[in-house]
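Okay, structure first, notes after.
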Amino acid sequence: MRLTISLNLLGVIGTLLFANHAWAGAQQYEPLAASVQAALQATIADHAAPEPQFPSLEEKISWLTEMSRRLENRMPDREARLDFLKTVYYEAKRAGLDPQMVLGLIQVESGFRKYAVSSAGARGYMQIMPFWVKLIGSQDSNLFHLRTNLRFGCTILRHYLDIEKGDLYRALGRYNGSLGKPEYPNIVRGAWEKRWGWGPRVIQATR
């Protein structure tokens, strides 16, 4: 059955989330096959410089300017804001994800709070559960570090998308620890569409 939320309600939800609230969940521990664990470890350990590659210089300037404007009230420091946006774009594209969707997820998970900690212990912008450090990270993996947090988050979501054969609705449910429930995927969709929409894209996170 296809569950839908009206655009007006999505807008209200998105506004409230962006202002005060976060729906941080908790990824569930699942044993990984040795090959999967090795692949994820290699992905996390690749420390390539996070300089995003845009289709053109014009696109880069346009995207960063517009996203910076939208994020300004949450991150007043311009330099820190641009560093954050460049890193989101780089890590999202690296994992084959839409940067706007990742921004929507961060909005919902942490409200863009770098040091957010959920009741379950999930940490940082993308609310990463500490067990992932033991599974695919290293002793010096700091989940409050900008690039580390975004790399883990994008890698984990890509892993869930692969498990779910590209089904974003189910992958988001896994990411939040609420697989099969519509609230979280639809709220992420609302944030993605209403706050961070940019150019043509296909939305698959609603049912």
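Odds and ends about this structure:
- Consider the range 162-202 and keep the residues that are in a helix (DSSP H, G or I) and of a type in the set (S, T, N, Q). The one that is nearest to the chain's Cα centre (by Cα) is N176.
- In this entry, V108 is excluded by the filter for residues that are closer than 19 Å to D162 by Cβ, part of a helix (DSSP H, G or I) and within 16 Å of the chain's Cα centre (by Cα).
- Of note, I128 satisfies the criterion of being farther than 20 Å from W196 by Cβ, within 13 Å of the chain's Cα centre (by Cα) and of a type in the set (A, V, I, L, M).
- Residue within the range 142-161 that is without any contact (Cβ under 8 Å) to a residue 60 or more places away in the chain, part of a loop (DSSP other than H, G, I, E, B) and at positive phi present: no
- Just one of the listed residues (M75, M67) is under 19 Å from W192 (Cα atoms), out of contact with any Cys (no Cβ under 6 Å at 6 or more places or on another chain), at pLDDT 95 or above and not in a helix (DSSP H, G or I), namely M75.
- Residues of the range 70-98 satisfying the condition of being closer than 19 Å to A191 by Cα, without any contact (Cβ under 8 Å) to a residue 24 or more places away in the chain and not aliphatic (A, V, I, L, M): E72, N73, R81
- Taking each residue of the range 44-64 that is loosely packed, with under 11 Cβ neighbours inside 10 Å and looking for partners that are modelled with pLDDT of 90 or more with beta-carbon atoms closer than 7 Å, six or more apart or interchain, yields E51/Y90.
The values are calculated or read from the model by the stated rules, or taken from the named source; none is laboratory data. Since the structure is predicted, the reported quantities are computational estimates derived from the model, not experimental observations. Positions of Cβ are backbone-derived with ideal geometry, glycine not excepted, and every protein chain shown enters the neighbour counts.
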